[in-house]
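The values are calculated or read from the model by the stated rules, or taken from the named source; none is laboratory data. All values derive from a computational prediction rather than experimental measurement. Here the Cβ positions follow ideal geometry from the backbone for every residue, glycine too, while neighbour counts run over all protein chains shown. Quick note on the areas: whole protein, heavy atoms, side chains included, nothing else; ligands and nucleic acids left out. Shrake-Rupley method; radii C 1.70, N 1.55, O 1.52, S 1.80 Å.
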Amino acid sequence: MTAHPVASPDTLSTIRPGAVISSETQAQAEELISQVFGKGGESLPEQLPARLEQVLGVGRLSWPLGTVRPFADKLLAFADGRRKNPPHEVRWLNLTGFCLRPGFGFPGDDFRIEQARRIYASGLTFGNQVQCEIDWWIFCGRIAGGLNRNQQADIFQRLSPVLLPKQKNKRRLNQSLYREMWRTAASLELLPQQTKTQLGEAIMDLVKRGEMLEAAAWCLSRLGARKLFSGPINLVLSPATASRWVEALLRLPHTPALLDAVVHIAQQTGDTARDVAPATLESVRRVCETNPKLLRELAGEADDLAASGRVFGEELPAGLVLANA
C-alpha cells in the first residue's frame, strides 16, 4: 500500500491530550483482548469494552493513541477470533475500527490498514446477521481515511447497488444498516467528484422527503465539504454544486443538523476555487447571525480537534496530531 500522508494541507495541528497508561496496565488490558479473541478465550465479548475501561481507569474516548494502536495490533493478530460467533464478530469489528480510527496519523498505520484491508477482502463471517452488517460498515467508515483511491472505489462499488440503484430497490433494508452504509459512502473522500455529486443528489432527495435527516445532513456535509478530512484539494466538489446544495438546504426547516451541514459546506477557505458563491455565503451568514459559534465555523476560525471530530462523526483518538502541511 502506498504511504498515506499524515494529514491533508487543510487539516489541523491541535492535540487533545489523553490519559497516561503505564506499561503494566497496558499489558493487563491487552490480556483481556486475548481472553476474548485468543485461542480458547472464553470471556464474553459484550463485556470487553467495560472491562478495558475498568482496567485502564478512563473512558474509551480518553484512551491515547499509544494505547489504542497496540490494542488494534492485538485485535488484528486475533482476527480469526471474530469467527467464533456473531457477538464476537460484532465486538471485533466495533473495537478494531474504534482503535484504528481515522485510519492514519500514527507510525505503523499503513501496515495496520493493509492488514485490515485483507480482512475486509475476506468479507463477513456472519453476513446474515444484521448487527454484523451494521458494524461492518461502521468499521469501513472509521478506517476509510487510511485506504487508497482504488480501495475506496472498491468499497463504493459494493455500496452503489443499494445507495444508487438503477431500478427502484425492492429490498426492504434495515434502517440502521442503510444509515451506516450512507455514512461509509460519504467518508470515501477519494471518490471522483462526479461520483460524490451523484451520492449528494441522492442524499438530498432523502432530506427533502424528511428521511434519515440527521445522518443525511452529516453525509452532505462530508460530500460537499470545502476542506476534506484526508483527501486532496482537487477532489473538493465545485463551488457551483456546493452552492446549489446549500441553497436547497436553506429552503428547508432550519434544524441544528441541517444548519451544521450548511455551515460546513459553505465554510470559507480563502480559496476562490473552493469557496461558495458570495451571495450564497451571505445567505448563510444571515441565517447564522444570532449564533456566534456557527459564524466562527463559517469563517474558518474554529479549527480545533473537536471541530475535526465533528467532521469525522465521532471524537478522534486522544493524542492524534493532524499537522498542517
Exercise. Cβ-Cβ below 7 Å, separation at least six or inter-chain, first residue in region 261-284 and in contact (Cβ under 8 Å) with a residue 24 or more places away in the chain, second assigned to a loop (DSSP other than H, G, I, E, B) and small (Gly, Ala, Ser): which pairs?
Worked result: His264/Ala225; Ile265/Gly224; Ile265/Ala225; Gln267/Gly300; Gln268/Ala299; Gln268/Gly300; Thr269/Gly300
For this session: Consider only pairs whose beta carbons are under 7 Å apart and that are at least six residues apart or on different chains; among these, list those whose first residue lies in region 81-110 and is within 28 Å of Asn128 (Cβ to Cβ) and whose second residue is surrounded by fewer than 22 Cβ atoms within 10 Å (Cβ to Cβ) and of a type in the set (Ser, Thr, Tyr).
Result: Arg82/Thr125; Arg83/Thr125; Glu89/Thr125
For this session: Consider Gly103 carefully, then state whether it is surrounded by 19 or more Cβ atoms within 10 Å (Cβ to Cβ) and at positive phi.
Result: yes
For this session: Check whether at least one residue in region 152-161 is within 27 Å of Phe71 (Cβ to Cβ), open to solvent by less than 20 Å² (accessible area, probe 1.4 Å) and either touching a Pro at 6+ places or on another chain (Cβ under 7 Å) or not in a helix (DSSP H, G or I) (or both), and report yes or no.
Result: no
Exercise. Which condition breaks for Pro64 when tested against (1) surrounded by fewer than 18 Cβ atoms within 10 Å (Cβ to Cβ); (2) out of contact with any helix residue (DSSP H, G or I) (no Cβ under 8 Å at 6 or more places or on another chain); (3) not aromatic (Phe, Trp, Tyr)?
Worked result: (1)
Exercise. If you check Gly141, Gly123, Gly127, which single one turns out to be closer than 20 Å to Gly97 by Cβ, touching an Asp or Glu at 6+ places or on another chain (Cβ under 9 Å) and without any contact (Cβ under 8 Å) to a residue 24 or more places away in the chain?
Worked result: Gly127
For this session: Report whether or not Ala216 is under 23 Å from Thr96 (Cα atoms) and of a type in the set (Gly, Ala, Ser).
Result: no
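Only one of Val262, Val276 is among the β-branched types (Val, Ile, Thr), in a loop (DSSP other than H, G, I, E, B), in contact with a helix residue (DSSP H, G or I) (Cβ under 9 Å, 6 or more places away or on another chain) and modelled with pLDDT of 95 or more; which?
Sole residue among the options that is among the β-branched types (Val, Ile, Thr), in a loop (DSSP other than H, G, I, E, B), in contact with a helix residue (DSSP H, G or I) (Cβ under 9 Å, 6 or more places away or on another chain) and modelled with pLDDT of 95 or more: Val276.
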For this session: Given the conditions (1) part of a loop (DSSP other than H, G, I, E, B); (2) more than 15 Å from Phe156 (Cβ to Cβ); (3) open to solvent by less than 30 Å² (accessible area, probe 1.4 Å), report the number of the one that Gly231 does not fulfil.
Result: (2)
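Criterion first (surrounded by fewer than 16 Cβ atoms within 10 Å (Cβ to Cβ) and at pLDDT 95 or above) does Ala72 satisfy it?
Judged against the criteria, Ala72 is not a match.
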Exercise. Any idea which of (1) crowded, with 20+ Cβ neighbours inside 10 Å; (2) modelled with pLDDT of 90 or more; (3) among the small types (Gly, Ala, Ser); (4) out of contact with any helix residue (DSSP H, G or I) (no Cβ under 7 Å at 6 or more places or on another chain) is the one Gly224 doesn't satisfy?
Worked result: (4)
For this session: Can you tell me which residue within region 26-39, out of those that are more than 14 Å from Arg69 (Cα to Cα) and touching a helix residue (DSSP H, G or I) at 6+ places or on another chain (Cβ under 6 Å), is most open to solvent (accessible area, probe 1.4 Å)?
Result: Gln28
Exercise. From the list Ser62, Ser122, which residue is among the hydroxyl-bearing types (Ser, Thr, Tyr), farther than 20 Å from Leu191 by Cα and in contact with a strand residue (DSSP E or B) (Cβ under 7 Å, 6 or more places away or on another chain)?
Worked result: Ser62
For this session: Please find, within region 162-213, the residue that is modelled with the lowest pLDDT out of those that are open to solvent by 10 Å² or more (accessible area, probe 1.4 Å), over 27 Å from Gln131 (Cβ atoms) and touching a Leu at 6+ places or on another chain (Cβ under 8 Å).
Result: Lys208
